Structure formats: C-alpha cells, structure tokens
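Please read the structure below before turning to the comments.
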Amino acid sequence: MLWPNGRPPHWSARHRAAQKQRAEAGILARSAGLRHLPEGARVTLTFAFQPSFRTITFDLDNAVASQKAAIDGIVEVLGVDDSRFGYGAPTALPRARGTAGAAILTITFPSREDAP
C-alpha cells in the first residue's frame, strides 16, 4: 500500500507504485462489470482492511488514504468526479497468519437508477 507517512527511497518509486495501483484498480473495476455512470449518480465506497500478521500497529486513517490511486482508477472507469463518492466507515479485519494483508472495497449505489 502507498502509506502517506511512508518514505519510499525515491519519488519515482512511489510514482510507479501509484501507477500500478491505479491500473490494477481499473482492471478490477472493469472485470466486475462497472462502467460509466449516469449524470448525477452517487456512489458509496466502503473499505475493509486486513493487516498483515507481522503488522504491530495499524492506522485505519492512513490505510484509507493509501488507496487514493486505486480510487482514481475506479473514477476513470466510472467516468465521474470523485466528489460524487460517499465513504462508509472503514473497518479493520482480524489479522490472519500467513497473509500479506488486504484492502477490500465494496461499492454501493444508493438507488437502482445509479447502478451501472
């Protein structure tokens, strides 16, 4: 994840990681069947994070901020401004041995007309 408080060795390393995160989020959004939304549609994003087993402390606020590039990839697929996104309360899932951690995103559409 691209932690806001993290310090990559060089700005270009962070840039490459952000590009990769954005592209992967766009690919996943397209494969989930998302497409351009109608004008005025609203979207709610809710994140759930599973920290890696080796993580000692976990900052939920930074975890959400680390997903900015992924949100940008979804914005690109939906063809909307992210100001039309609402955000549900993020949750931290229990750690699981042998996992590298995960960010799980749920996208909901308040009304049927807003769904792609």
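A short reminder: the numbers here are calculations on the coordinates, not readings from a lab. The structure presented is a predicted model; accordingly, all values stated were derived computationally and were not measured. Here the Cβ is made from the backbone with ideal geometry for all residues, glycine too, and neighbour counts use every protein chain on show.
Divide the volume of the convex hull around the Cα atoms of segment 11-114 by the residue count and you get 121 Å³ per residue. With respect to the chain, whose longest principal axis is taken over its alpha-carbon atoms, helix 11-31 is tilted by about 40°. Result for the chain in a Gaussian network model with C-alpha springs under 10 Å: among Gly86, Gly33, Gly73, the largest mean-square fluctuation is at Gly33. Does a label point 7 Å from the Cα of Phe53, set along Cα-to-beta-carbon, have any residues of segment 77-101 with amide nitrogen under 15 Å, and which are they? Of the residues in segment 77-101, 94-101 have backbone N under 15 Å from the label point off Phe53.
Taking the Cβ-Cβ separation of Ala92 and Leu28 as r and a Förster radius of 25 Å, what is the calculated FRET efficiency to the nearest 0.05? Using R0 = 25 Å, I get an efficiency of 0.70.
Beta-bridge orientation, the chain: approximately 60 percent antiparallel, per DSSP, counting only bridges with both partners inside. Helix content alone sets the calculated 222 nm mean residue ellipticity of the chain: runs of n ≥ 4 DSSP H residues at -39500 (n - 2.57) each, divided across all residues, give -10500 deg cm²/dmol. To the nearest ten degrees, helix 68-78 and the longest principal axis of the Cα atoms of the chain are 20 degrees apart.
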